[in-house]
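Reading through the structure tokens given below for one structure.
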Amino acid sequence: MSEAKRTFLEALEEQVLLCDGAMGTMLYLKGVFVNRCFDELNVTEPRLVVDIHKEYINAGAEVIETNTFGANRYKLEKFGLEQRASEINRLAVEHARAAAGGKPIFILGAVGPLGRPIVQDKGITPRQAHEAFEDQVSVLVEAGVEGIIFETISHLGEMAIALEAAREVDPEIPIIGQFAYADENSILAGASMQEAVSVLEEKGADVIGANCAIGPRTILDVTTRMVALTDRPVSVMPNAGSPEYVDGRLFYFATPDYFGVYAKRFIDAGARLVGGCCGTTPEHIQSMAGAIRALGRAEKVAVKLQPVEEESRLEEVPMVERSPLGRKLVEGKFVISVEIDPPKGLRHSKLIEGAQALKTAGVDMINIADGPRATARANPQSIGLIFEREVGIETILHTTCRDRNLLGLQSDMLGAYTNGFRNILAVTGDPPLMGDYPSATGVFDVDAIGLVTLLRNLNQGLDMGGRSMKGQTAFVIGVGANPAAQNPEREMDRLERKIEHGAEYIMTQPIYDHQLLCRFLTKVEHLKRPVIPGILPLASFRNAEFLHNEVPGMTIPDIVRERMYKAGDHGEAEGIAIAREMLLEIRQCAHGVYIMPPFNRYHIALKVLEVILPHNGGLDFGTDNEARRVNTKKQPSSTLGKA
């Protein structure tokens with residue numbers, strides 16, 4: 001096997017790779033009728049095929065598939081082209097290579113189902129199927145592909161025959177086997193996922209995956225389950241939702257932005273090769289590329305320090321002396337923080353009013369987000385100055401790695417310290433494609449781990465290059481964690497690395513499950529760092545569904561969403577009740593609480609806190625008894641499933 005072929009699997013082991021999207025969809029959009037043989041276009045319309053490959057490569061695809069999905073003898077026979085099968089497959093590889101133009105693009109030979117039932121008495125025999133797959137794979141391998149991808153196959157027997165044929169052609173060629181799934185439990189022909197994975201493993205597939213038939217949401221469930229069933233790399237390439245006919249044309253309605261969001265979720269779930277199937281376009285792949293670039297670079301990049309003499313490092317200021325937050329955490333006091341998002345415009349009056357009410361109520365500090373969900377908002381330092389100087393309440397500044405390179409990060413941190421800020425929460429940040437300006441560039445010179453390293457060095461009197469500074473900072477360094485992460489091993493590994501590099505306290509994503517909280521606290525006990533769990537009071541059932549399905553990192557249990565559904569018009573009151581229950585649990589086992597009121601509705605945070613604070617900040621919330629109750633009754637089991 002050539003070095004290039006070995007490189008594909010090595011690259012897949014080292015990083016997530018992005019495959020292209022649909023070839024057929026693009027040909028259809030460019031005016032090719034669906035009753036034509038798309039594979040024949042390798043002979044009759046080579047420029048069209050090459051241009052589509054180029055569009056995907058320009059969009060960020062690192063892996064492209066040849067235009068040979070239906071280029072087997074039986075599918076070509078319908079068009080009278082079975083005698084030209086070798087020519088069609090060979091030209092397809094040449095077109096893909098021409099589109100790559102010398103770039104380090106991996107080319108996979110695409111092989112789809114034969115289009116005939118494989119039975120002894122009807123259709124074709126297993127021997128005939130084997131020969132058909134063997135013939136197609138032989139040409140693709142001889143033409144120089146880096147791997148073979150069997151996709152959209154729905155029968156176990158057909159996949160087994162295809163893999164056996166490919167292994168006879170080349171025992172070492174990388175092979176991806178992708179079944180088409182009907183739902184998160186079974187492939188289209190009805191076999192279970194366990195059976196599908198077993199066939200792929202037994203017959204020698206190097207990568208195990210799913211494509212076509214279903215959209216991103218269900219493919220995510222497939223990915224999560226598949227990763228748990230196999231040690232081999234997993235690939236996922238969903239359709240752009242379910243197709244609909246409009247004015248005689250076929251349309252898919254899952255947007256590129258939606259695919260960008262789900263690319264991150266696929267990777268978090270453990271996928272190593274991601275791409276698109278029917279209905280996806282270069283725009284979908286470009287959105288996925290942005291998310292993968294943000295996550296991938298975050299994994300690989302870290303602050304590079306020049307070697308320094310150990311005597312250049314200064315002893316860090318004791319945490320108890322750095323800030324009131326630091327003192328409270330060291331002394332084991334329960335801290336209360338409420339998040340306030342900076343405004344998108346210039347109006348600050350309501351923020352100041354809310355901060356004053358929170359301080360009066362007994363809240364210890366305010367968290368100030370940094371461009372949450374990649375939105376363009378006022379700089380958190382500017383809002384923090386107002387809160388600390390005009391209101392007199394301590395702040396925690398979120399700092400993301402999305403918008404600043406290393407130079408900018410160090411400058412901002414030195415400026416923050418000069419302005420009196422002492423508490424930093426280091427976060428990687430959401431990719432720009434998730435926000436108001438998806439075409440903006442995400443920097444991500446470092447991720448949260450790299451930022452923690454930078455902050456700790458500043459605390460030791462060293463700049464980002466490891467050179468001694470005049471003086472030192474005294475930041476209290478915090479990091480985020482997601483107890484409900486879809487890939488808990490990866491999440492724990494990253495959290496441990498954050499602690500290793502200097503993180504001193506942990507704030508979590510919102511938690512709605514007491515048992516989940518207990519498991520998380522047990523899992524991180526060895527890290528010996530204070531944990532401040534998050535609470536996000538739900539505003540309505542619609543709000544709960546949006547957070548659960550559309551916001552990365554958020555998981556709302558079925559039973560909680562069911563309660564919000566049953567609450568109907570009283571959703572805000574029920575959301576407060578749920579949050580109060582969680583707060584009382586957190587009060588017994590954690591070091592503090594971090595409340596994120598929905599839509600900056602500070603009165604909701606104060607209503608939640610009434611169960612542990614003596615007064616409500618001087619605001620009149622009326623006598624909504626429903627909002628004040630703490631529901632301790634046993635809740636019914638969920639009837640929503642995975643709604």
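None of the figures in this text is laboratory data; all of them are computed from the coordinates on show. Just so we're clear, the structure is a prediction, and the values are computed from it rather than from any experiment. Glycine also receives a Cβ, built like all others from the backbone with ideal geometry; neighbour counts cover every protein chain displayed.
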- Query: Tell me, what HN-Hα J-couplings in whole Hz come from the Karplus equation 6.51 cos²θ - 1.76 cosθ + 1.60 at θ = phi - 60° for each residue of the range 75-90, using x for Gly and Pro?
  - Reply: 6, 5, 4, 5, 10, x, 10, 4, 6, 9, 4, 4, 4, 4, 5, 5
- Relative contact order of the range 310-628: what whole-number percent is it, with Cα pairs under 8 angstrom and at least 6 residues apart? 19
- Given the Cα-Cα distance of PHE546 and LYS103 and 0.36 nm per residue of separation, how much length would full extension add, in nm? 155.5 nm
- Distance-filtered residues of the range 360-376 - backbone nitrogen under 16 Å, label point 7 angstrom along ASN600 Cα→Cβ: 366-376
- Message: A 28 angstrom limit on the alpha carbon distance is what I want to check against. Which of LYS75/LYS264; LYS344/LYS607; LYS359/LYS498; LYS350/LYS607 exceed it?
- Response: LYS75/LYS264; LYS359/LYS498
- Task: Work out, in µm²/s and without decimals, the Stokes-Einstein translational diffusion coefficient of the chain at 4 °C, 1.567 mPa s, Rh from Kirkwood over C-alpha pairs.
- Result: 48
- Task: Count charges around TYR181 for me, please; just the other residues with Cβ under 14 Å from its Cβ, Lys/Arg as +1, Asp/Glu as -1.
- Result: -3
- Query: At a Förster radius of 45 Å, what calculated FRET efficiency corresponds to the Cβ-Cβ distance of THR7 and GLU525, to the nearest 0.05?
  - Reply: 0.60
- Please arrange ARG456, ARG373 by counting, for each residue, the other beta carbons lying within 10 Å of its beta carbon, fewest first. ARG373, ARG456
- Query: Between ARG47 and SER411, what FRET efficiency comes out of the Förster formula 1/(1 + (r/R0)^6) with R0 = 60 Å and r the beta carbon distance, rounded to 0.05?
  - Reply: 0.75
- Given H placed on each backbone N at 1.01 Å, which residues far from ASN367 in sequence or on other chains put an amide H within less than 5 Å of it? VAL338, GLU339, ILE340, ILE396
- Message: Amide H of LEU536 versus every other amide H placed in the peptide plane: which residues, excluding those fewer than 5 positions away on the same chain, fall under 5 Å?
- Response: ILE511, MET596
- Item | Local electrostatic count, PRO113, Cβ distance below 11 Å [Lys/Arg +1, Asp/Glu -1] | 0
- Multiply the residue gap between ARG373 and ALA228 by 0.36 nm, knock off their C-alpha separation, and tell me the result in nm, one decimal place. 49.3 nm
- Distance (nanometres) between label positions extended 7 Å along Cα→Cβ at LYS54 and GLU131: 4.1
- Message: Need one number: % antiparallel among DSSP beta bridges in the chain, to the nearest 5.
- Response: 10
- The local net charge around SER138, scoring Lys/Arg +1 and Asp/Glu -1 for residues other than SER138 whose Cβ lies under 13 Å from its Cβ, equals -3
- Using θ = phi - 60° and the Karplus relation 6.51 cos²θ - 1.76 cosθ + 1.60, list the HN-Hα couplings for the range 150-158 in order, rounded to whole Hz, with x at every Gly or Pro. 8, 9, 6, 8, 10, 10, 4, x, 5
- Task: Give the order of CYS212, CYS37, CYS589 when sorted by the count of other beta carbons within 10 angstrom, beginning with the fewest.
- Result: CYS589, CYS37, CYS212
- Item | Rg(Cα)/(2.2 N^0.38 Å) for the range 3-300, N = residue count | 0.91
- Note on the structure: the range 1-63, convex hull of Cα, quarter of hull surface, nm² -> 5.6
- Message: Pairs of alpha-carbon atoms within less than 8 angstrom and 6+ residues apart define the contacts here; what relative contact order does the range 3-300 have, in percent?
- Response: 20
- What full-extension length gain, to one decimal in nm, is calculated for GLN83 and GLU353 as 0.36 nm per residue of separation minus the Cα-Cα distance? 89.4 nm
- Task: Rank these for me by crowding, ARG313, ARG561, going from fewest to most other beta carbons within 10 Å.
- Result: ARG313, ARG561
- Residue-wise, which Karplus ³J(HN,Hα) couplings in Hz belong to the range 513-524, taking 6.51 cos²θ - 1.76 cosθ + 1.60, θ = phi - 60°, and x for glycine or proline? 10, 4, 5, 4, 4, 4, 4, 5, 4, 5, 5, 9
- Item | Helix-derived mean residue ellipticity, 222 nm - over the chain, DSSP H n ≥ 4, -39500 (n - 2.57), to 500 | -13000 deg cm²/dmol
- Message: As an exercise, use a Förster radius of 41 Å and the Cβ-Cβ distance of GLU164 and LYS566 to find the FRET efficiency, rounded to the nearest 0.05.
- Response: 0.15
- Query: Any idea how far apart ILE559 and GLN588 come out in nm if each label point goes 7 Å out from Cα toward Cβ?
  - Reply: 1.4
